[in-house]
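Computed from the coordinates by the stated procedures, all read-outs in this text should not be read as laboratory data. Since the model is a prediction, treat every value here as computed from it, not as a measurement. Cβ placement follows ideal geometry from the backbone for every residue including glycine, while neighbour counts extend to all protein chains displayed.
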């Protein structure tokens with residue numbers, strides 16, 4: 001999706017301030033310079049003033065994002081106009097976490113979401129270089145790949161690598177090798193030619209410093225199968241995601257869905273505040289792609305009208321074709337919109353990654369096994385969000401089409417306080433090699449260096465003790481840059497030249 005907001009300062013101390021989850025061993029101010037460096041490296045488009053005012057994020061005076069913000073969608077403008085002056089409370093008698101929307105000729109809220117994609121053409125002479133790309137032209141196909149490379153992708157970083165960097169493809173690390181003194185000496189990996197065949201060659205790569213950067217689940221799996229960083233008992237534990245609750249409806253006018261990035265603005269009022277002590281905070285993404293996520297639109301709408309929706313429990317219906325098909329699609333598709341609620345999930349030891357010898361991949365490596373559930377804290381957040389979405393739909397004059405029901409296509413269904421809910425995963429895994437201030441309670445220190453192994457780093461979202469409500473990519477990048485500085489100091493110290501002086505006469 002390319003959505004890259006910063007975490008809020010209070011997200012770094014949720015246990016101390018609100019009594020749930022875990023606190024970070026560092027704060028927002030410690031990470032802020034690396035946020036700026038990550039925004040430059042990723043090429044983030046945004047507006048610091050509007051993020052400061054709309055989301056409460058502190059920025060250094062005069063700071064500007066590397067690129068101008070991506071223009072808001074027409075849907076953003078319609079919602080801002082309809083909600084102008086409105087006040088939404090998650091509880092009718094609740095003074096906290098109030099959503100206020102103000103519309104001006106250029107809507108002041110919702111603020112534009114920071115995005116890692118290019119809003120304008122590349123500099124002259126840069127066309128075709130992998131470190132650039134065309135500007136965003138609204139293909140609405142950002143997932144899985146931007147067809148014009150307007151969005152950041154790893155090739156843009158790899159293009160800056162020196163010849164000293166070697167990328168080994170078609171290779172899977174099977175375990176981390178130890179030296180016997182607490183230090184690690186490298187990795188063992190399996191090199192293959194045919195991904196459909198188990199045939200492979202086992203090789204090793206040795207290094208002074210080893211960095212695991214395979215994201216939360218695979219980093220934890222590698223530590224577990226290598227039997228490393230075990231002293232705290234926390235490897236694989238505290239698995240987190242951003243559980244998502246979707247609410248969808250029909251406006252009474254066309255709002256131009258299925259154009260541009262998946263979300264260009266959001267509602268930020270419920271990300272922070274005292275109410276998060278009772279329920280999970282959430283961020284509201286305004287979804288530009290109609291009902292594509294909740295119902296599979298527009299393909300599902302076409303199938304339904306043709307009478308071939310694919311539900312084996314329903315007989316094939318009589319189809320609508322030609323002019324009637326076009327009119328029906330035109331009447332509804334252009335009015336679709338979705339509100340996407342992303343919730344913070346606290347670190348819980350029971351949510352975890354483990355390995356099981358009975359589950360192996362084609363190369364013989366143990367697969368990760370996930371145990372995952374939602375806490376009452378998160379479920380109460382979803383109940384609050386559903387109240388908020390209902391109020392927003394009424395203020396918009398929109399028809400609420402949201403339906404939550406159990407079924408084979410709703411693995412995230414649950415009942416809470418007598419109501420049905422269905423949550424989705426955002427794919428923002430984190431927390432499995434959690435950072436902290438003590439080797440007794442955490443896996444890595446504030447530099448993402450394993451407490452038990454001074455030359456082994458496990459970097460990425462797995463180190464994060466909490467994720468707030470912001471997509472974690474930017475914070476992950478900022479942490480990686482911060483750790484890179486620490487690794488550089490480690491290597492300089494390791495290879496510091498010895499100073500040899502000439503002994504003077506008469507002196508020992």
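Counting every pair of alpha carbons in the chain, the share spaced more than 45 Å apart comes to 18 percent. As a proxy for reagent exposure, 165, 320 were ordered by neighbouring Cβ count within 10 angstrom, fewest first; the result is 165, 320.
Computed over the stretch 122-244, relative contact order equals 14 percent, with contacts defined as Cα pairs under 8 Å that lie 6+ residues apart. Adding -39500 (n - 2.57) for every DSSP H run of four residues or longer, then dividing by how many residues the chain holds, sets the calculated 222 nm ellipticity at -7000 deg cm²/dmol.
Panel order for 251, 476, by other beta carbons found within 10 Å of each beta carbon, from fewest to most: 251, 476. Here residue 441 and residue 496 are evaluated by their C-beta separation; at R0 = 25 Å the FRET efficiency comes out at 0.15. Computed over the stretch 318-442, relative contact order equals 15 percent, with contacts defined as Cα pairs under 8 Å that lie 6+ residues apart.
Overall shape: oblate for the stretch 322-403, with the ratio a/c of the largest to smallest alpha carbon gyration tensor axis at 1.5 or above and b/c at least equal to a/b.
Of 366, 464, 244, the sequence from fewest to most neighbouring Cβ atoms within 10 angstrom is 366, 244, 464.
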